[in-house]
Structure formats: C-alpha cells, structure tokens
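The values are calculated or read from the model by the stated rules, or taken from the named source; none is laboratory data. Bear in mind the structure is a predicted one, so any value in this text is a computation, not a measurement. Positions of Cβ are backbone-derived with ideal geometry, glycine not excepted, and every protein chain shown enters the neighbour counts. Protein only, heavy atoms only, side chains kept; ligands, DNA and RNA dropped before computing areas. Shrake-Rupley method; radii C 1.70, N 1.55, O 1.52, S 1.80 Å.
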Amino acid sequence: MAVQVNQFAPALFGLNLGTPQAIATNGDGTLVAPTGSIPGISSHPAAAGDTITLFATGLGPVDPAVVDGATAPADATSVTTNPVTVLIGAVRARLALPVSRLSSWEFTSFNVVVPAGVPREARSRWQAQVGGVSSADPVTIAMQ
C-alpha cells in the first residue's frame, strides 16, 4: 500500500466528546472548556489576553533533529524550525513564545495569547498553520 508522507501535516489534539473540543490548558493548569463540562476535571473558558497551551502534531522538522523512528530525548526539547501560526477564524493569535517545543511524548506544545475581537462565530474554528499548510480539522476552544 502506498502512503503519502508530507513534511507538514499540522493537527491540534482534541477530546472525543462529540464535539471537536481542543485539548488546551489555561495558565492555572485547568482545561480550557466550559466550567463543569467534564465531571471530575477542573475547567473554565479562556478570555481575551489569557495565555493557553495547545497541543499539536505534524509541525515539521525540529532542532536539534530527532532521528526518524526514534523517541525524542527525555532530557531535552527540540523546537520547530518553521514558524507556527494559530488562527481563530481569520484572527491571528500571537504565540507567547516564538517557538513550539517537541516533548519526549512526541507531541508539540505551544503557548498562545487569546486575541481580543474574535467574532463569536469564529470561536469554533481554531487551526494551526505551518509551512503553508493548515490543520484540516478545526477544533473549538471555550471562550468568554
């Protein structure tokens, strides 16, 4: 079977709760979700100006490089070599750090400052872009 592999295939991780709810954390470590929406898990919506952490995969090469098929080192993090952009609808969010980091668990995390002025209808369309490629499936983030 032929399988196409692309240098960039960005995707934001989401919870499988019947909606495309992003896996994102607030600065206080709680989940970015409607308050009380997941029993037993502390959560609250994000507000404009908050810094939240998103989790992604498919963001391309990192430096220092990780050998194909190898696990990322547990004692160091690699940063993506191409800039990552986060869009909420057509509104561009600012990354709180200029890089995104590959963890030893093989996913990338990055901090995003939630922008002001996001139209209500756009709040359910968070996407990551890198290398001219956008994530195919937008995720939602609970916002105040």
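One table, with the values for the structure above:
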item	result
Those residues of region 73-104 which are within 15 Å of the chain's Cα centre (by Cα) and modelled with pLDDT under 85, in sequence order	Val79, Thr80, Gly89, Ala96, Leu97, Pro98, Val99, Ser100, Arg101, Leu102, Ser103
Single residue of Thr71, Thr30 found to be of a type in the set (Ser, Thr, Tyr) and over 23 Å from Ala93 (Cβ atoms)	Thr71
Segments classed as strands (runs of 3 or more DSSP E), wholly inside region 1-90, with at least 1 members that are of a type in the set (Val, Ile, Thr) and open to solvent by 30 Å² or more (accessible area, probe 1.4 Å)	51-57, 78-80
